[in-house]
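The structure appears below as structure tokens.
Here, each number is a calculation from the coordinates, and none is a lab measurement. Keep in mind that what you see is a predicted model, and the values were worked out from it rather than measured. Here the Cβ positions follow ideal geometry from the backbone for every residue, glycine too, while neighbour counts run over all protein chains shown.
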Amino acid sequence: MPAKIYRPAKTAMQSGKAKTNIWVLEFDPETPRKIDPIMGYTSSGDMRQQLKLTFETQEQAEDYAKRNGIEYRVIPPKDPIRQTVSYSDNFRFNRIQPWTH
């Protein structure tokens with residue numbers, strides 16, 4: 001059963017970087033989820049979908065997968081590109097774009 005190793009991104013609901021420095025090993029689903037016709041719940045008989053193993057480094061996650069014979073793929077993290085913006089730049093006299101509301 002294949003798995004993916006990745007570093008989770010920062011969620012939109014948090015301003016800090018909590019839990020973004022850990023690496024996660026997560027199994028891919030073997031079978032698609034099924035919708036219960038009466039209640040509308042989604043369910044699956046695949047118990048590995050519920051596993052989410054965390055590691056401090058990418059190497060530890062890869063070593064774990066190799067030791068246990070798990071085929072895996074590594075998804076490289078995408079670091080955000082930060083732009084430095086100054087509030088006072090809105091009021092510069094040599095501003096490129098006109099300042100309007």
The alpha-carbon center of segment 1-58 and that of segment 59-101 are separated, in whole Å, by 21 Å
The chain: relative contact order from alpha carbon pairs under 8 Å, six or more residues apart, as a whole percent, is 31 percent
By per-residue mean of other Cβ atoms within 10 Å, what is the highest-first order of 11-22, 79-90? 11-22, 79-90
Answer with one residue from P98, T20, G45: the one whose Cα lies farthest towards the positive end of the charge dipole of the chain, charges on Cβ with Lys, Arg +1 and Asp, Glu -1. P98
From the backbone phi of segment 83-93, what are the Karplus-calculated ³J(HN,Hα) couplings (6.51 cos²θ - 1.76 cosθ + 1.60, θ = phi - 60°) in whole Hz, Gly and Pro given as x? 10, 7, 10, 10, 5, 5, 5, 5, 10, 5, 6
Please give the calculated 222 nm ellipticity per residue for the chain, where each DSSP H segment of at least 4 residues contributes -39500 (n - 2.57) and the sum is spread over every residue; nearest 500 deg cm²/dmol? -3000 deg cm²/dmol
The answer for the net charge of residues other than V74 whose Cβ lies under 10 angstrom from its Cβ, with Lys and Arg +1 and Asp and Glu -1, is +2
Given the chain, what percent of its DSSP beta bridges are antiparallel, to the nearest 5? 70 percent
Lys, Arg +1 and Asp, Glu -1 on Cβ, resulting dipole of the chain about Cα centre, debye, nearest 20: 440 debye
Against the longest principal axis of the chain, how steep is helix 58-67, in degrees 0 to 90 to the nearest 10, with axes from Cα atoms? 10 degrees
Could you tell me which of A9, F55, G69 has its Cα farthest along the dipole of the chain towards the positive end, charges placed at Cβ (Lys, Arg +1; Asp, Glu -1), taken about the Cα centre? A9
